[in-house]
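J.: Have a look at the structure that comes next, please.
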Amino acid sequence: MRNADQVTYIFQDAWSLHEDALEELGRGKLRNAAEKAWGATKRATDALILARTGEEPATTARTSVGLRRLASQERRLDSLVARYYTRIGSLHGECFYDGICEPQDDIERRIRETADYIRDAQELAGAR
C-alpha cells in the first residue's frame, strides 16, 4: 500500500475508534470510551508521522518520539504534543488502566474533543 493510501486508512481507523468511544460513552462505559479515544489519538498521530516521515511508528514509544521530533522541527505541533500527552496520561493511564476516571466531566470532554485532535492531525498531515 502506498504511504498516502496508508495515511488515509489510518485516519479512517482513528475516526472509527472515536465513533466507538462515543458509543461507549453513550452506554455509560466511561473507562472503555476513554481507551477508545486514546486509541483514536494514537492512530491519528501515527498517520501524521507516516505522512511527514514516510514511516509508521511500530510502538507507542516510537509514536511519542516521532511526534516530539516533528514538533522540535515545527513549533505549530506543540499544541498537538501537549494534547497527546494529556490523553495518554488521563485517558489511557489513569482512566483505563487505573480506573480513575475523575473528574468525569473532564474525561468526557477529552473523549469528545478527540475529534478536534484527529482533525488537527489531518490538517498537519495535509490529509484533509
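J.: For region 35-48, give me the residue count where each residue is surrounded by 24 or more Cβ atoms within 10 Å (Cβ to Cβ) and not hydroxyl-bearing (Ser, Thr, Tyr).
T.: Within region 35-48, the subset surrounded by 24 or more Cβ atoms within 10 Å (Cβ to Cβ) is 36-38, 40-41, 44-48.
Remaining after also requiring not hydroxyl-bearing (Ser, Thr, Tyr): 36-38, 40, 44, 46-48.
The number of residues fulfilling the criteria is 8.
Okay, residues lined up against (1) assigned to a helix (DSSP H, G or I); (2) buried (at least 18 other Cβ atoms within 10 Å of the Cβ); (3) hydroxyl-bearing (Ser, Thr, Tyr):
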{"site": "Ala4", "(1), (2), (3)": "yes, no, no"}
{"site": "Ser16", "(1), (2), (3)": "yes, no, yes"}
{"site": "Glu19", "(1), (2), (3)": "yes, no, no"}
{"site": "Ala33", "(1), (2), (3)": "yes, yes, no"}
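J.: Listed residues Asp116, Asp105; which is part of a helix (DSSP H, G or I), over 27 Å from Arg2 (Cβ atoms), in contact with a Lys or Arg (Cβ under 9 Å, 6 or more places away or on another chain) and free of Cβ contacts under 8 Å to residues at least 12 places away in the same chain?
T.: Going through Asp116, Asp105 in turn, just one is part of a helix (DSSP H, G or I), over 27 Å from Arg2 (Cβ atoms), in contact with a Lys or Arg (Cβ under 9 Å, 6 or more places away or on another chain) and free of Cβ contacts under 8 Å to residues at least 12 places away in the same chain: Asp116.
J.: For region 45-61, state whether one or more residues are under 10 Å from the mean Cα position of the chain (by Cα) and of a type in the set (Ser, Thr, Tyr).
T.: yes
J.: Can you say whether Ala58 is of a type outside the set (S, T, N, Q) and part of a helix (DSSP H, G or I), as far as the supplied structure shows?
T.: Details: of a type outside the set (S, T, N, Q): yes; part of a helix (DSSP H, G or I): no.
When the stated conditions are applied, Ala58 does not pass them.
J.: Now a separate question. With respect to Asp78, is the statement that it is surrounded by 21 or more Cβ atoms within 10 Å (Cβ to Cβ), in contact with a helix residue (DSSP H, G or I) (Cβ under 6 Å, 6 or more places away or on another chain) and assigned to a helix (DSSP H, G or I) true? Walk me through it before giving the result.
T.: Numbers: surrounded by 21 or more Cβ atoms within 10 Å (Cβ to Cβ): no; in contact with a helix residue (DSSP H, G or I) (Cβ under 6 Å, 6 or more places away or on another chain): yes; assigned to a helix (DSSP H, G or I): yes.
Here the answer is no, as Asp78 does not meet what is asked.
J.: Let me ask another. Output the residues belonging to region 81-99 that are among the charged types (D, E, K, R) and not in a helix (DSSP H, G or I).
T.: Within region 81-99, Asp98 is the sole residue that qualifies.
Read-outs throughout are calculated quantities, based only on the coordinates presented, and are distinct from any laboratory measurement. The structure presented is a predicted model; accordingly, all values stated were derived computationally and were not measured. Neighbour counts run over all protein chains shown; Cβ positions are idealised from the backbone, glycine included.
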